[in-house]
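FYI, it's all coordinate maths here, none of it is from the lab. Everything numeric here is computed off the predicted structure, so don't read it as measured data. When we count neighbours, we look across all protein chains shown, and the Cβ atoms used for this are built from the backbone with ideal geometry, even at glycine.
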Amino acid sequence: MSHSADLHKRRLAAVARGVGSTISSYVAQAGGGTLTDVDGREWIDFASGIAVTNVGNAAPKVVEAVRAQVERFTHTCFMVAPYESYVAVCEQLIELTPGSYEKRAALFNSGAEAVENAVKIARHATGRQAVVVFDHAYHGRTNLTMALTAKNMPYKHRFGPFAPEVYRAPMSYPLRDGGLDGAEAARRAIDVIEKQVGAGNVAAVLIEPIQGEGGFVVPAPGFLPALAAWAAEAGAVFIADEIQTGFCRTGQWFASEHENLTPDLITTAKGMGGGLPIAGVVGRAELMDAVHAGGLGGTYGGNPVACAAALAAVETMRELDLASAARRIESILVPALVAINDQDQGIAEVRGRGAMIAIELVTPGGNEPDPLRTAAVSKACHDAGLLTLTCGTYGNVLRFLPPLVIPDADLHRGLDILREALRN
């Protein structure tokens with residue numbers, strides 16, 4: 001029996017089955033563009049721990065910063081006895097996020113927690129309750145964020161009741177919404193909001209600039225700016241959920257920059273911490289400071305070890321210019337995938353930005369989602385040593401999220417495996 005098989009046997013006896021894994025091998029070491037399991041098998045990494053290890057799994061500066069911080073102290077709770085690194089991470093968020101207005105930031109543990117706190121801030125600042133989200137959205141697995149998330153299985157099924165005052169508007173999904181341009185799709189969404197909710201009741205409009213779990217959906221140009229303009233006119237807070245798209249993933253520091261958006265609030269996590277759990281909410285000072293002292297926080301929020309990792313990750317992103325690296329990855333992935341698409345009638349679209357790229361699989365010559373082939377292709381990739389993830393409301397999207405430090409040779413090797421998996 002292999003070591004992975006032995007570990008899997010132990011897992012079945014110890015870990016709740018509701019916690020799934022993409023592969024059944026167990027990782028011993030990871031870095032750059034590859035993972036190595038406990039049996040010595042190597043995997044090319046097109047997952048990045050779901051867009052977390054942008055700087056790699058063991059970036060030297062992150063390792064060094066974490067080691068040094070652990071030797072000093074692992075925890076005091078910033079709400080009890082504060083420390084400089086929390087302040088420094090907030091300063092970096094203020095500097096890096098779009099918008100020249102005065103900002104404040106607060107730190108948390110996970111993306112879902114960041115989203116919950118952004119909603120809390122918006123409700124407190126506006127005195128309103130309604131939150132508008134979109135078809136195909138994913139915002140987390142806590143009770144409020146399950147309400148905000150659009151997909152039932154596996155995220156919401158039999159976990160209700162969910163938090164109230166959440167309303168869903170139609171998303172701009174160019175492949176599937178009849179060719180509406182951005183302005184038309186925005187008018188459709190705004191019409192739903194105004195009819196079903198009323199502009200004066202909306203505390204926040206919450207949206208991913210590029211949807212993640214929903215299928216790497218890139219809205220038509222103009223859709224996001226039109227929503228942001230409507231929110232400003234309505235007195236609602238425009239929140240960009242940049243948890244999966246942030247920190248150089250799409251070829252800019254934040255995906256909002258692709259359309260010159262300046263959201264009122266931005267939520268961050270994933271790539272922010274170099275692999276350690278840390279999240280943030282950053283935005284307009286008048287909104288962030290509207291909440292009373294003690295109204296925001298949490299025991300572990302902005303943990304000093306995670307803050308050290310985040311500062312080192314940002315330093316690595318600057319030094320290696322990982323936004324440019326993401327654009328280089330796009331310049332390799334997209335032409336290769338378009339060439340595959342030209343030979344495969346079961347691929348409806350290649351889409352995404354930077355190192356956040358996907359293909360949507362459909363019935364050949366049609367537009368019906370093909371989740372069975374998607375799962376089979378992904379499994380064939382795994383069997384051949386390429387770690388891929390699926391996503392999409394219909395389970396028919398293969399997404400590619402390589403670390404931004406992946407060598408070109410590993411990208412090409414991964415593409416070769418993918419071609420063979422699709423062909424077979």
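Computed on the chain, with alpha-carbon pairs under 8 angstrom and 6+ residues apart, the relative contact order is 22 percent. Database remark: amide H of F134 closer than 5 angstrom to the amide H of A169 (H placed geometrically; neighbours at sequence offset of 5 or more, or on other chains; Pro and chain starts carry no H).
Placing +1 on the Cβ of every Lys and Arg and -1 on the Cβ of every Asp and Glu, with no other charges, gives the chain a dipole of roughly 1060 debye about its Cα centre. Note on R327, R249: ascending count of other Cβ atoms within 10 Å places them as R327, R249, the fewest first. Protection proxy ranking, highest mean first, for peptides 219-225, 20-26: 219-225, 20-26, where packing is the per-residue count of other beta-carbon atoms within 10 Å, averaged.
Exposure proxy ranking for S100, S331, S4, S172, based on other Cβ atoms within 10 angstrom of each Cβ and starting from the fewest, stands as S100, S331, S4, S172. Secondary structure note: in the stretch 62-320, about 40% of the DSSP beta bridges are antiparallel. How many percent of the alpha carbon pairs in the stretch 108-256 exceed a separation of 18 Å? The answer is 55 percent, as a whole percent. Annotation for the stretch 155-230: trypsin sites (Lys or Arg not before Pro) lying in DSSP loop with at most 12 further Cβ atoms inside 10 Å of their Cβ are R158. What separates the Cα centres of the stretch 1-61 and the stretch 257-321 is a distance of 26 Å.
Candidates P402, V338, G366 compared by Cα position along the dipole of the stretch 305-424: farthest toward the positive end lies P402, with charges placed on Cβ. Which net charge results when you count Lys and Arg as +1 and Asp and Glu as -1 among the other residues whose beta-carbon is under 12 Å from that of A59? So the environment of A59 carries a net charge of -2. Remark: the stretch 397-408, residue by residue, has Karplus-estimated 3J(HN,Hα) of 10, 9, 10, 10, 10, x, x, 6, 9, 4, x, 4 Hz, where x stands for each Gly or Pro and the curve is 6.51 cos²θ - 1.76 cosθ + 1.60 at θ = phi - 60°. Per-residue ellipticity at 222 nm, computed for the chain from helices alone with -39500 (n - 2.57) per DSSP H run of at least four residues, works out to -12000 deg cm²/dmol.
What is the diffusion coefficient of the stretch 347-424 in µm²/s, taking the Kirkwood radius over Cα pairs and the Stokes-Einstein relation at 20 °C with a viscosity of 1.002 mPa s? For the chosen part, D equals 168 µm²/s.
Since only L411, L7, G198 are under comparison, the one whose Cα sits farthest along the positive direction of the charge dipole of the chain, derived from C-beta charges on Lys, Arg, Asp and Glu, is L7.
Modelled label positions at E102 and D408, each set 7 Å beyond Cα in the direction of Cβ, lie 4.8 nm from each other. Taking 4 °C and 1.567 mPa s as conditions, the chain diffuses translationally at an estimated 59 µm²/s according to Stokes-Einstein applied to its Kirkwood radius (Cα pairs).
Here the ratio of the Cα radius of gyration of the stretch 198-260 to 2.2 N^0.38 Å is 1.14. When only DSSP loop residues count, what chymotrypsin sites (Phe, Trp or Tyr not before Pro) in the stretch 117-217 have their Cβ near at most 14 other Cβ atoms within 10 Å? Of the chymotrypsin sites (Phe, Trp or Tyr not before Pro), the ones in loops of the stretch 117-217 whose Cβ has at most 14 other Cβ atoms within 10 Å are F159, F162.
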